[in-house]
Structures are given as structure tokens and as C-alpha cells.
Amino acid sequence: MDPERDALRIALYYALFSILWILSSDYLVALMFQPPVMVRLSVLKGSLFIILTSLLLYFLLRLYLRSLTDKERALRISEHKFRSLFMELPVGVVLMDTSGRILESNPAMGRFHGDSLDGMLIGDIHPDLEPGPDREFMVRMDGRWLRVVITRIEGGFLGIFEDLTDIKNSEEAARRSLEANRTLLAELHHRVKNNLQVISSLINIQSSKMGREHAEIMRSLQLRIKSIAVIHEMLLSSPESSSISFASYVSGLTGYLRDMYQSAVEFELDVPDVEFNIETAAPLGLIVGELVSNSLRHAFTDGGTIRISLEALDDGFILVVADNGRGLPDNFSLQESAGIGLELVKNLVGQLEGSIECHSNEWTTFTVEFRELKYPERLEGMV
């Protein structure tokens, strides 16, 4: 379309028709009823009017046709871009009418299906496919996983098919690997627990042949082994988790200690539902076991109470183990204590990057302040 030429042609047609009309109508009528001068003036006036309106018509038509030409050019460019995008998209795209009949599909869709889809119903491709409200789902087609998105558009529906086979295969491989690792980890915890039980049984057999003093030492060793075994029992019962519920751990450990020493002591536990990683739970459990065992052996003659509490701080935790037994000797010093159990406790507190204090009045109280260990972060900073 040439706006200037088309506008000029229409304006000339208008001028020619108008002049012919004046000559064939007003001029002939004027010859019969008016003087010649009036006829010439009338023809001149009409001709000027025709010329002026023709020019005005020309400019208006040129402006209108140029606008149409620009819109047509923009529409052609837009259609070309859309066509290029439609044909080059790596995902399959189909355009459907309101009944689900495929009006057009791009080459990627042909690669998914293997045949031309034009004219087919969308349901003929896969039984799960049908036009309807906007929805998204997965389908299995010719051994491939496709994510399908069907969207309502003006005059029909738009379907987008994205091949997620490689992603699904990677997810399945990762799932199998994770399941294998979980099985391996559970087997590891199971074997460690069984080996610790075997060691505990051997210690029990050996201590039965020893004197009371040596048997007490062996029983303390058996307790420490049990503190570690409880952790593996809890991890075995929850293979998907790598952390320990400290409240459940303390409850199980104190129950074992009461049965082991056949004690009538009551336990008051104020431990929130906090989970620690195994690097923190193992030394913390040994600390609780040593302090409680020490109270059961030395603090009571009949009954009494042992309190265990845990408080969370902004940058760590406070563990308190207290008893209302006979108390500590007057000359007791935590720093100068040579007992194996308390030496072990102090070493474990150091492992937790913490501190320990001891007070004895109505209650003998051990207070341990510590932080949860983060070994992966430590390793990242090492050279």
C-alpha cells in the first residue's frame, strides 16, 4: 500500500466526478433559466469548492492511509516475531479452539509426539489432556515426563509442554542415593549399638569376677558406654534425622541410671524440646550421665531429688544438674578435683567450648554453660 498514491487517486476521482456533475447538472439548468454571467460564476464557485475539498480529502486520506500502513507494518513485524518465537521455542506449544481441537503446533511439539498435531483433538494425544480451566500437571508420554500447562486465551486454549525427563531422572537417582545412604547410616548405627551392647555385656561379666571397688569402676565405664549407645538408639529409631531430642535423651538416660543403681531418688526434669547434633549431644549426654551417676552413688542414703534443667540463651545454653543430698566436702574444689568422673566432665565441657561452676548449700548444683558445636563451619575455615 502506497498512502500518497492511493490518496491522490481517490481525491482525483472525487474531483472528476464532482466537476462532471456540475457541468452536467447545474450548468445545463443554468443555461435555460439564468444569464450567462451567473452561470459562469456558479461554475467557477463550484469548481473552487471541488478543488478545495479535493485537496482536503487528499490530505485526510493520506494521513489515514499512512496510519493504516504503519499499523499494518507493525502488525507484520509483531506477527513475524511471534511466529519466530513460536517456531523456535524449546518447549512444545499448541493453540486450540474452544472444543480442544489443535489449530497449530510448533516443531518442538512434533518432536514430543512424532507426528503432526494440526486438526487433532488434544485428548487424542494423551487421555489426561483436555481443555478446561487453567491448570498444571505432569503426564508420561512416550517414555518422557512432560509438565503441561493449559491456559484459557481468547477464542480457545494455549497448551505448553515442557520436557522434564532429565530433571525427573536426576530426582529419582538422588532419591535412590538418599535412600541407600539412609539404609547405610541406619545399618551403621545398628552395628555401633550392637557393638556397644557387646562391650557392655563383657564389662558386666568381667565386673562380676572383681571386688567391689573394681566392679564400681567397671560399672562407671559401663555407664559411659550406655550414654553413647542411647544416642545411636535414638538415631536408629529416626534414620531421617541427624539430630537428637535432648529432652527424650535425658529422660531415657535418667531412667536407665535409676534402674542401674536401683535408686529411690526422684528426678525433676525441666528440659525443653531442643535438638542437638550428635557432636553436641554425645559430650553433653556424658556430662549428664557423670553428674547424675555421681549424685546417685555419693549424695543419698535413702531417697531425694535430682533436678536437671536446660535454658536457652541468645548465644548458647545453660545446663544445671542439682541434688538435695548430703552435699560436697568442705574442702572440695572443682579445679583441684582428681576424680576420674569430674576430670572427664571438665574435659567434655572444654570440648563444648563452655565453662562449669559448682555451688553447694541446700542443693549441690553444677552449672554448665556451652554452645552447640558446628563442625562443618570449623572445617570450612581450616587450611
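The values are calculated or read from the model by the stated rules, or taken from the named source; none is laboratory data. What you see is a predicted model, and the numbers here were worked out from it, not measured in a lab. Every residue, glycine among them, receives a Cβ derived from its backbone with ideal geometry; neighbour counts consider all protein chains shown. When the accessible area is computed, the model is the full protein with side chains, heavy atoms only, and any ligands, DNA or RNA have been set aside. Shrake-Rupley method; radii C 1.70, N 1.55, O 1.52, S 1.80 Å.
At-a-glance table
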read-out	value
Some residue of the stretch 309-322 being open to solvent by less than 30 Å² (accessible area, probe 1.4 Å) and assigned to a helix (DSSP H, G or I)	no
Residue among Ser47, Ser54, Ser78 that alone is assigned to a helix (DSSP H, G or I) and either within 30 Å of Leu117 (Cβ to Cβ) or at pLDDT 75 or above (or both)	Ser78
Of the criteria (1) at pLDDT below 80; (2) open to solvent by 60 Å² or more (accessible area, probe 1.4 Å); (3) at negative phi, which one Asp142 fails	(3)
Selection status of Leu348, under 22 Å from Ser251 (Cβ atoms), modelled with pLDDT of 85 or more and not in a strand (DSSP E or B)	yes
Some residue of the stretch 275-297 being assigned to a loop (DSSP other than H, G, I, E, B), open to solvent by less than 40 Å² (accessible area, probe 1.4 Å) and modelled with pLDDT of 85 or more	no
Test: residue in the stretch 169-184 that is at pLDDT 75 or above, surrounded by 15 or more Cβ atoms within 10 Å (Cβ to Cβ) and in contact with a strand residue (DSSP E or B) (Cβ under 9 Å, 6 or more places away or on another chain)	no
Answer residue from the stretch 81-103, given it is farther than 16 Å from Leu129 by Cα and surrounded by 11 or more Cβ atoms within 10 Å (Cβ to Cβ) and is modelled with the highest pLDDT among those	Val91
Selected residue (only one of Gly327, Gly354, Gly289 is on the phi > 0 side of the Ramachandran plot and either in contact with a Lys or Arg (Cβ under 7 Å, 6 or more places away or on another chain) or of a type outside the set (Lys, Arg) (or both))	Gly327
The stretch 91-103 residues that are free of Cβ contacts under 8 Å to residues at least 12 places away in the same chain, paired with ones that are among the polar types (S, T, N, Q) (beta carbon under 7 Å, 6 or more apart)	none
Flag if Thr301 is at pLDDT 85 or above, over 16 Å from Thr367 (Cα atoms) and open to solvent by 20 Å² or more (accessible area, probe 1.4 Å)	no
Near pairs, Cβ below 6 angstrom, 6+ apart or cross-chain, from the stretch 252-281 (small (Gly, Ala, Ser)) to any residue that is open to solvent by 30 Å² or more (accessible area, probe 1.4 Å) and in a loop (DSSP other than H, G, I, E, B)	Ala264/Gly303
Scope the stretch 311-337; condition free of Cβ contacts under 8 Å to residues at least 24 places away in the same chain and closer than 17 Å to Gly350 by Cβ; matching residues	Gln335, Glu336, Ser337
Qualifying residue in the stretch 361-371 (condition: at pLDDT 80 or above, of a type in the set (S, T, N, Q), in contact with a helix residue (DSSP H, G or I) (Cβ under 6 Å, 6 or more places away or on another chain) and open to solvent by less than 10 Å² (accessible area, probe 1.4 Å))	no
